[in-house]
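Engineer: Sharing a structure, written as structure tokens. Questions coming.
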Amino acid sequence: MSILVVGSVAFDSIETPHGAVKNCLGGAATHFSLAASYFTQVRVIGVVGKDFTAEHEAIFTRRGIDTKGIERSEGLSFHWTGSYSGNMDEAKTLGTDLNVFETFEPKIPDAYKDSEYLFLANIDPVLQARVRSQMPKVRMVCGDTMNYWIADHSANLAKVLRELDVLLINDGEARMLAGERNLVVAAEKVLAMGPKTLIVKHGEYGATAFFSDRSFTGREKALRPFRAPALPLAEVVDPTGAGDSFAGGFYGYLASQPELTPAVLRTAMFYGGVMGSFAVERFGTERLQNVSREEIDERFKLFLEISHLEHAGV
């Protein structure tokens with residue numbers, strides 16, 4: 001099955017306690033597509049400038065990612081500058097240069113219109129809705145958003161939420177969207193806005209899935225929330241893109257399965273954690289470019305061991 005992802009392909013300049021890099025390949029669509037490519041076919045729609053070279057494109061194509069949907073434009077690519085300190089739980093934005101991304105208008109190639117799965121990465125909800133309307137036959141739609149769109153573009157975002165099978169956001173965004181401090185109450189309110197399933201990311205503490213009675217075909221009532229842990233890591237080099245990498249692993253695994261069941265969705269959350277854990281081990285997308293399938297499977301086993309009592313001999 002193929003996933004069509006629409007979002008940013010960018011360059012990041014990042015400083016953490018482990019060092020600094022300038023102009024490394026990043027962006028939500030980049031992290032997502034690399035992570036998802038280990039499970040299924042991926043197609044990317046985005047826009048880049050003249051600073052995006054053949055070497056950058058090869059990072060995608062070496063993973064078999066279809067880049068026909070990446071538009072080349074005059075000017076420079078989207079560039080984000082940020083730094084992390086302390087426990088690196090939050091980035092400090094030092095600069096955001098939208099450049100060619102400021103006038104981004106997603107164009108869907110005809111060859112992409114048979115994509116079975118659609119991921120709407122963190123972009124203007126007007127653009128998300130426009131892409132969704134052009135892909136009426138997809139089997140599943142998953143989306144992301146952020147506090148800026150929640151605070152200042154709520155009406156447009158509400159239209160997108162009604163079209164989503166799965167919404168992937170962090171716990172702060174879930175509380176903000178619902179206007180509730182309690183996460184369980186917030187999740188109930190978000191699900192009432194339209195998404196069939198809500199995945200809430202907790203960074204280094206894992207993720208929680210909240211289900212509605214529409215999450216799975218033929219199920220009369222919602223399942224209880226399901227929590228998947230994060231893998232404790234000895235060293236985190238760069239958290240940038242970890243959430244998008246989680247989304248890629250999660251959605252990539254879903255797209256690789258013949259049908260959506262509770263067991264498949266729960267397993268997908270573990271694979272999301274696997275890919276997110278790889279992403280933070282190097283700056284930018286460096287680690288995601290060179291993961292082996294054997295490493296993915298081995299790390300998945302570690303997730304099982306830390307979350308199942310039977311593996312602990314209990």
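Engineer: Check Asp152, Asp144 and return the single one that is out of contact with any Lys or Arg (no Cβ under 9 Å at 6 or more places or on another chain) and closer than 25 Å to Ser2 by Cα.
Structural biologist: Answer to the check: Asp144.
Engineer: Would you please list the contacts, defined by Cβ atoms under 7 Å and residues six or more apart or on different chains, that run from a residue in region 107-121 that is surrounded by fewer than 18 Cβ atoms within 10 Å (Cβ to Cβ) to a residue that is of a type in the set (Ser, Thr, Tyr) and part of a loop (DSSP other than H, G, I, E, B)?
Structural biologist: Cβ pairs passing all conditions: none.
Engineer: Pick out, from region 1-42, the strands (runs of 3 or more DSSP E) lying fully within it that include 2 or more residues that are surrounded by fewer than 20 Cβ atoms within 10 Å (Cβ to Cβ).
Structural biologist: Output list reads 10-16, 19-26.
Engineer: Which numbered condition in (1) among the polar types (S, T, N, Q); (2) surrounded by 12 or more Cβ atoms within 10 Å (Cβ to Cβ); (3) closer than 19 Å to Ala242 by Cα is the only one that Asn99 fails?
Structural biologist: (3)
Engineer: Another one. Does Leu231 satisfy the criteria of being out of contact with any Asp or Glu (no Cβ under 9 Å at 6 or more places or on another chain) and among the aliphatic types (A, V, I, L, M)? Talk me through it step by step, then tell me what you get.
Structural biologist: Numbers: out of contact with any Asp or Glu (no Cβ under 9 Å at 6 or more places or on another chain): yes; among the aliphatic types (A, V, I, L, M): yes.
Against the criterion (out of contact with any Asp or Glu (no Cβ under 9 Å at 6 or more places or on another chain) and among the aliphatic types (A, V, I, L, M)), Leu231 qualifies.
Engineer: Can you pull out the helices (runs of 4 or more DSSP H) entirely within region 210-314 that have at least 1 residues that are surrounded by 22 or more Cβ atoms within 10 Å (Cβ to Cβ), at pLDDT 95 or above and within 18 Å of the chain's Cα centre (by Cα)?
Structural biologist: Correct list: 242-255, 262-279.
Engineer: Checking Lys137 against (1) closer than 21 Å to Phe216 by Cβ; (2) in contact (Cβ under 8 Å) with a residue 60 or more places away in the chain; (3) not hydrophobic (A, V, I, L, M, F, W, C), only one condition comes out false. Which one?
Structural biologist: If we test Lys137 against (1) closer than 21 Å to Phe216 by Cβ; (2) in contact (Cβ under 8 Å) with a residue 60 or more places away in the chain; (3) not hydrophobic (A, V, I, L, M, F, W, C), just (2) comes out false.
Engineer: Could you count how many residues in region 121-158 are basic (Lys, Arg) and at pLDDT below 95? So that I can check it myself, show each step before the final result.
Structural biologist: As a first pass, look at region 121-158 and keep what is basic (Lys, Arg): 130, 132, 137, 139.
Among the residues that remain, those that are also at pLDDT below 95 are: 137.
Residues meeting the conditions: 1.
Engineer: I'm trying to understand the selection: among the residues of region 192-209, which are buried (at least 21 other Cβ atoms within 10 Å of the Cβ) and either of a type in the set (Ser, Thr, Tyr) or under 14 Å from Thr261 (Cβ atoms) (or both)? First the steps, then the outcome.
Structural biologist: Applying the first criterion (buried (at least 21 other Cβ atoms within 10 Å of the Cβ)) to region 192-209 yields 195, 197-201, 206-207, 209.
Result: Thr197, Ala209.
Engineer: Which of the residues that make up region 233-277 are more than 28 Å from Ser13 (Cβ to Cβ) and charged (D, E, K, R)?
Structural biologist: Correct list: Glu259, Arg266.
Engineer: Right, next: Residue pairs, Cβ under 9 Å, 6 or more apart or interchain, first in region 223-246 and farther than 16 Å from Leu265 by Cα and touching a residue at least 12 places away in the same chain (Cβ under 8 Å), second among the basic types (Lys, Arg) and assigned to a helix (DSSP H, G or I). List them.
Structural biologist: Here the result reads Leu231/Arg299, each pair linking region 223-246 to a residue that is among the basic types (Lys, Arg) and assigned to a helix (DSSP H, G or I).
Engineer: Further question on the same structure: Considering only residues that are assigned to a helix (DSSP H, G or I) and of a type in the set (Phe, Trp, Tyr), which ones fall in region 112-162?
Structural biologist: Once the filter is applied, which keeps residues that are assigned to a helix (DSSP H, G or I) and of a type in the set (Phe, Trp, Tyr), region 112-162 yields Tyr112, Tyr148, Trp149.
Engineer: Quick one: would you say Glu105 is farther than 21 Å from Gly26 by Cα, touching a strand residue (DSSP E or B) at 6+ places or on another chain (Cβ under 9 Å) and among the acidic types (Asp, Glu)? Walk me through how you get there before you give the answer.
Structural biologist: On the way: farther than 21 Å from Gly26 by Cα: no; touching a strand residue (DSSP E or B) at 6+ places or on another chain (Cβ under 9 Å): yes; among the acidic types (Asp, Glu): yes.
No, not satisfied.
Engineer: Within region 163-189, track down each residue that is touching a residue at least 24 places away in the same chain (Cβ under 8 Å), closer than 21 Å to Thr217 by Cα and part of a helix (DSSP H, G or I).
Structural biologist: Ala187
Engineer: Right, another one. Of these, Glu74, Glu57, which one is part of a helix (DSSP H, G or I), surrounded by fewer than 20 Cβ atoms within 10 Å (Cβ to Cβ) and not polar (S, T, N, Q)?
Structural biologist: Checking each option against the conditions leaves just Glu57.
Engineer: Checking the condition in contact (Cβ under 8 Å) with a residue 40 or more places away in the chain and out of contact with any helix residue (DSSP H, G or I) (no Cβ under 6 Å at 6 or more places or on another chain), which residue from Asp152, Asp144 passes?
Structural biologist: None of the others qualify; the one that does is Asp144.
Engineer: Moving to a separate point now. Restricting the search to region 33-54, which residues are of a type in the set (Ser, Thr, Tyr) and over 16 Å from the mean Cα position of the chain (by Cα)?
Structural biologist: Thr53
Engineer: His31 passes all but one of (1) touching a residue at least 60 places away in the same chain (Cβ under 8 Å); (2) farther than 19 Å from Val236 by Cβ; which number fails?
Structural biologist: Only one criterion in (1) touching a residue at least 60 places away in the same chain (Cβ under 8 Å); (2) farther than 19 Å from Val236 by Cβ is unmet by His31, namely (2).
Engineer: Please specify each residue of region 200-209 satisfying the condition of being in contact (Cβ under 8 Å) with a residue 40 or more places away in the chain and not in a strand (DSSP E or B).
Structural biologist: Going residue by residue through region 200-209, those that are in contact (Cβ under 8 Å) with a residue 40 or more places away in the chain are 201, 203-204, 206-207, 209.
Answer for region 200-209, where residues must be in contact (Cβ under 8 Å) with a residue 40 or more places away in the chain and not in a strand (DSSP E or B): Gly203, Glu204, Gly206.
Engineer: Moving on to the next point. Just give me the residues in region 238-275 being within 12 Å of Gly206 (Cα to Cα) and hydroxyl-bearing (Ser, Thr, Tyr), in sequence order.
Structural biologist: Answer for region 238-275, where residues must be within 12 Å of Gly206 (Cα to Cα) and hydroxyl-bearing (Ser, Thr, Tyr): just Tyr271.
The values are calculated or read from the model by the stated rules, or taken from the named source; none is laboratory data. Please read these numbers as outputs of a predicted model, since none were measured by experiment. A quick note on method: Cβ atoms are made from the backbone with ideal geometry, for glycine too, and the neighbour counts reach across all protein chains shown.
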